[in-house]
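Report on the following structure.
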Amino acid sequence: MGGFVSFVGAGPGDVGLLTEKGRQCLEKAEVVLYDRLANPRLLRYTKANCQLIYCGKLPDRHVMRQEKINDTLIEMALAGKRVVRLKGGDPSVFGRVGEEAEAARNEGIAYEIVPGVTSSIAAASYAGMPVTHRDYSASFTLRTGHACQENELKTHSDDELGDTIAYYMGVKNLYHHCQVLINKGFPPETKVAVIEWATTGKQRTVEGTLLTISDEVKANNIQNPAMTIIGDVVALRQKLVWYEEKRMFGKRLLIAKASAEESKLERYFLNEGGEAYAFPTLKTEKKSISSHELKQIRLAEKLVFLSPESVTILIESLLAHGYDIRDLPRQVYSLSEKTKKALLSIGIRSEKITEPSHEMIKVGYVNKPISAENNSKLITTHHLQIDDRFEVIDKRLLNEETWETVVFPSQSSVDWFLAALKSYGYRDNWIKTISFAYIGQRVKAYAEEKGFTKIDEEVQRELALGYWK
Ligand code: SAH
């Protein structure tokens, strides 16, 4: 099959604002080229063997030039790959999709354009102002504030500016744009809001007028990405503000490990207005279970499953060898609540235990070396490793933010968190400065044993409410 390119809008930042179609594209992709403004958490939807290429464009430092991006897109598609070009917001709004699609067309490569939620509308909504309103605004204009030579002429080419105006890429030249509008007859007291990192837990909004806003922006050190919204609708924010009032708004949390459970926690805190990031992402490498091992399992008296994955993988192997669950020993144990649930979902009751005894056969994956005797009864179903495709992303997020707290949902999450920090070259002093929260007393004790000392009571209370489940 020939290659195919999907130009996908990642939405403005909030991971929940990706379209269903965009998600399907990511799930099917073999290569993803993504921008700095596309939320990197979305890349977890990709398959483990999907290649991830960062085309991070900073305003002043182009990591990957446009021609190189086009060339890479084309090269991958011509090699027969399903390529996703993931762009912040909507690909057609100041996203250069026209140029990239044209380059694909010139090579005879088929493509699609999947729209996304553009940041102007999203930023306005998340700051508590609708871009149009029956009483205040009957039109809405999207403009670029970026003053490159070609754009300079077009930026204010039109006298009909509209009731509400959004400036993309406009913080740097904000003063200039405001002056132009005043010269065109806009009242100097026209309201202006600038929203930085809209729709994320890092969102900051400053307000002012055409006269005062650029000083406000400077005073608050507002940086890119930021959206400027000009017009009477800005006043509605006083009444309609909602996102910035969320319980966890602005809270900066790391979640240790990015598997299903942790991603659920991450999503919960994001939805509550926090800036949460789960890492490291792990990849599971399944191991084939030999017929000799299956025989051992079938003949065992007591069998203990170490994790939900071990359940799935063992059942798959049984079926592949012509057996089914009736060939499992009668006495089945599980090491965690999650494992117990996984067993129950396939009709097997198990007794939950905290420590496997010597006579039990264990199936699953063991993170740490265990004693030789215990080891002899271990049948390994898979190996877990840090997914190195996420290293660039993890490092970028770790360095870009100041994180307050790390959440440990399980004992193994503590180990994975520390292993990732170590493999990325971070020093131990992280542990001393960051506070932590945990699920369960055992996890607390384990984290303390590893050197974490300060508990974040606010997050701890939030976890105890249990709404995240
Ligand atoms: N295609 C994108 C825009 C790309 S231009 C879209 O449809 O949104 C990049 C500009 O978008 C940034 O300079 C900034 O002005 C704006 N932007 C993107 N994400 C933003 C965010 N989360 N908050 C505020 N502005 C954002």
Between residue 140 and residues 5 or more places away or on another chain, the pairs with built amide H atoms under 5 Å apart involve 163, 164
How much of the DSSP bridge set in the stretch 284-385 is antiparallel, in percent, rounded to the nearest 5? 20
For the chain, what are Rg and Dmax over the alpha carbons, in angstrom? 26.2, 87
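Which FRET efficiency, nearest 0.05, do residue 212 and residue 385 yield, Cβ-Cβ r, R0 56 Å?
0.55
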Spelling out what I want: for every residue of the stretch 333-348, take phi, set θ = phi - 60°, compute 6.51 cos²θ - 1.76 cosθ + 1.60 (Karplus), and round to whole Hz; glycine and proline get x. 10, 10, 8, 8, 5, 4, 5, 4, 5, 4, 5, 4, 5, 10, x, 10
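Please give the net charge around residue 120, taking every other residue with its beta carbon less than 11 angstrom from that of residue 120, where Lys and Arg add +1 and Asp and Glu add -1.
So the surrounding residues net to 0.
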Put a dot 7 Å past each Cα toward the Cβ at residue 23 and residue 264; how far apart are the dots in nm? 1.6
Radius 9 Å from Cβ of residue 273, net charge of other residues (Lys, Arg +1; Asp, Glu -1): -1
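At 1.4 Å probe size, with the rest of the protein present, what percent of the exposed accessible area of the chain is carbon and sulfur atoms?
49
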What fraction of the DSSP beta bridges in the chain is antiparallel, stated in percent and rounded to the nearest 5? 30
Modelling each spin label as a point 7 Å along the Cα-to-Cβ direction, I'd like the residue 464/residue 160 distance in nm, to one decimal. 6.1
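With the cut-off at 1.5 for a/c, could you classify the stretch 4-117 from its C-alpha gyration tensor as rounded, prolate or oblate?
Rounded, because the longest to shortest axis ratio a/c is under 1.5.
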Rank-order 232-240, 86-94 by packing density, defined as the average count of other C-beta atoms within 10 Å over each peptide's residues, highest first. 86-94, 232-240
Taking residue 28 as the anchor, which aspartates and glutamates have their alpha carbon closer than 18 Å to its alpha carbon, excluding any fewer than eight residues away along the same chain? 20, 112
Spin-label proximity, residue 235 to the stretch 178-215 - amide N less than 18 Å from point 7 Å beyond Cα toward beta carbon: 186-194, 207-213
For the chain, take the longest principal axis of its alpha carbons; what is the angle in degrees between that and the long axis of helix 411-423, to the nearest 10 within 0 to 90? 60
Explain nothing, just compute: Karplus ³J(HN,Hα) = 6.51 cos²θ - 1.76 cosθ + 1.60, θ = phi - 60°, for every residue of the stretch 188-198 in order, whole Hz, x for Gly and Pro. x, 8, 3, 6, 9, 10, 10, 10, 9, 6, 4
Order by protection proxy (mean Cβ within 10 Å, highest first), peptides 65-73, 118-126: 118-126, 65-73
Would you compute the Debye intensity of the stretch 183-339 from its alpha-carbon atoms alone, equal scatterers and no solvent, and pass along log10 I(q)/I(0) at q = 0.11, 0.13, 0.17 Å⁻¹ to two decimals? -0.65, -0.76, -1.01
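For the pairs 377/444; 47/287; 287/362; 202/246, flag any whose C-alpha to C-alpha distance is greater than 20 Å.
Beyond 20 Å between Cα atoms: 377/444.
The values are calculated or read from the model by the stated rules, or taken from the named source; none is laboratory data. As the structure is a computational prediction, the values presented were derived from the model and not from experiment. A quick note on method: Cβ atoms are made from the backbone with ideal geometry, for glycine too, and the neighbour counts reach across all protein chains shown. Protein only, heavy atoms only, side chains kept; ligands, DNA and RNA dropped before computing areas. Shrake-Rupley method; radii C 1.70, N 1.55, O 1.52, S 1.80 Å.
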